[in-house]
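The values are calculated or read from the model by the stated rules, or taken from the named source; none is laboratory data. Bear in mind the structure is a predicted one, so any value in this text is a computation, not a measurement. Because the Cβ atoms are built from the backbone with ideal geometry, glycine has one as well, and the counts that use them run over all protein chains shown.
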Amino acid sequence: MSENDIRHLQNILLLADKLIQDIGVISYEDFIHDELLPDACAMKLVAIGEQVNRITDELQEENPQIPWGAIYGLRNRFAHDYFTIDSKMLWDILRNDIGALREQIAKILE
């Protein structure tokens, strides 16, 4: 694994940790009524997508359990279609997918 891949994976871990900390024990209702938190979380997901895009094809091919293309596609949607971001979809990603992604990335780095 290249040093660049390691750095990008570490950045994804950092961002995932921040997202997990950001949403903590907050309820969905509190999340959607917060003026800053949903935007901050969406921006961190965009940043994760940027890091995924910089990971070599070889590493991605060696780890097909991670939906690399879907993660980058989400980045594109959030970055280019900002006003179509569905708060429920964002919440579901934060609650159901980020922890799993974090675990998978941590395993790769082991």
### Message
With at pLDDT below 95 and over 11 Å from the mean Cα position of the chain (by Cα) as the only criterion, which of ALA42, ALA79 stands out?
### Response
ALA79
### Query
In the range 50-67, is there at least one residue being surrounded by 14 or more Cβ atoms within 10 Å (Cβ to Cβ), part of a helix (DSSP H, G or I) and touching a Gly at 6+ places or on another chain (Cβ under 7 Å)?
no
### Query
So which residues in the range 23-37 are part of a helix (DSSP H, G or I) and free of Cβ contacts under 8 Å to residues at least 60 places away in the same chain, if there are any at all?
GLU29, ASP30, ILE32, HIS33, LEU37
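Within the range 15-22, identify whether any single residue is closer than 19 Å to GLU110 by Cα, without any contact (Cβ under 8 Å) to a residue 40 or more places away in the chain and under 13 Å from the mean Cα position of the chain (by Cα), and answer yes or no. Explain how you work it out, then say what you get.
Narrowing the range 15-22 to residues closer than 19 Å to GLU110 by Cα: 15-17.
From the residues that got through so far, the ones that are without any contact (Cβ under 8 Å) to a residue 40 or more places away in the chain too are 15.
Then drop every residue that is not under 13 Å from the mean Cα position of the chain (by Cα), which leaves 15.
For the range 15-22, residues closer than 19 Å to GLU110 by Cα, without any contact (Cβ under 8 Å) to a residue 40 or more places away in the chain and under 13 Å from the mean Cα position of the chain (by Cα): present.
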